[in-house]
1. Rank the residues Glu74, Glu194 as a footprinting-exposure proxy: fewest other Cβ atoms within 10 Å of their Cβ go first.
2. Please find the FRET efficiency linking Phe144 to Glu194, where r is the Cβ-Cβ separation and R0 is fixed at 22 Å, and quote it to the nearest 0.05.
3. For the pair Ala101/Asn88, report the inter-label distance in nm, with labels modelled 7 Å from Cα in the Cβ direction.
4. So, in nm, how far is label Lys118 from label Phe162 when the simple model puts each one 7 Å beyond its Cα toward the Cβ?
5. Listing Lys187, Lys82 from the residue with the fewest other Cβ atoms within 10 Å to the one with the most, what is the order?
6. Assuming R0 = 30 Å, can you tell me the calculated FRET efficiency for the pair Met153 and Asp59, based on Cβ-Cβ distance, to the nearest 0.05?
7. Which cross-chain or sequence-distant (5 or more) residues have an amide H under 5 Å from the amide H of Ile51, H modelled 1.01 Å from N in plane?
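Each value in this text was obtained by applying a stated rule to the coordinates, not by laboratory testing. For clarity, every value in this text was computed on a predicted model and none was experimentally measured. Note that each Cβ is placed from the backbone with ideal geometry, even for glycine, and that neighbours are counted across all protein chains shown.
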Amino acid sequence: MYNHKISKEMIKMTVEPTIEITTELTDFFNEDAKWMELASSSINFSAPAFIGCMISDKDGKTIAIFEVFKSALEYFIKKDIKDIEKRNNFDIELIPMFICALERFSDQICIENLAGIKLKGTNIKMHSVFCFSQFTITLFLNPFIHIKPYENMICHYFSELFEKYSEELEDVLKFNSNVFISQIELKGRAWLRELNELFLNSA
């Protein structure tokens with residue numbers, strides 16, 4: 001006879017974790033349109049303080065991308081690439097691979113207490129955080145922003161994120177589940193906008 005009893009473990013395996021989609025999160029579609037309209041209509045459109053970030057595993061594989069608006073990272077990174085072929089062939093997912101390769105290299109040559117890597121250009125600043133055991137965070141900022149006042153806040157946000165969704169993220173690493181990541185990215189977009197508002201209000 002067929003047994004209709006379903007264990008808690010089976011339910012846990014089949015139900016995709018959900019994140020509450022607030023009004024702020026659903027508004028990102030309209031915000032994206034506003035950002036892109038402003039970007040395309042202004043040659044000197046300057047980057048917001050916090051443009052986005054990439055979460056990768058320790059092999060440099062991209063897990064999630066948070067952006068203040070859709071395609072913000074590609075827009076600001078490619079903005080000053082004059083060579084059309086280079087611009088078209090640019091692969092943003094090579095960035096975490098490069099960062100993680102530097103992190104591994106520093107381990108091999110015994111650089112102790114490497115907190116992160118900072119690179120600054122004329123159009124964007126890159127700041128990597130290595131203090132998490134399974135993930136590397138690479139932040140992309142306006143080149144003129146000083147991140148120091150926000151470092152603890154940023155590390156706290158990701159510490160809570162990784163702790164709260166540890167099981168789901170473990171599954172992402174093992175099984176490449178994209179449904180959960182798309183929800184995390186929505187939540188991350190709202191958080192980036194809060195950071196930018198905080199920056200503007202403190203300026």
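1. Numbers: Glu74 16, Glu194 13.
Ascending number of Cβ neighbours within 10 Å: Glu194, Glu74.
2. Working: r = 20 Å, r/R0 = 0.92.
In this case the efficiency is close to 0.65.
3. 2.5
4. About 2.1 nm, to one decimal.
5. The order, fewest Cβ neighbours first, is Lys82, Lys187.
6. On the way: r = 28 Å, r/R0 = 0.92.
That pair, Met153 with Asp59, gives E of 0.60.
7. Those qualifying (amide H under 5 Å, at least 5 residues apart or on another chain) are Phe140, Leu141, Asn142.
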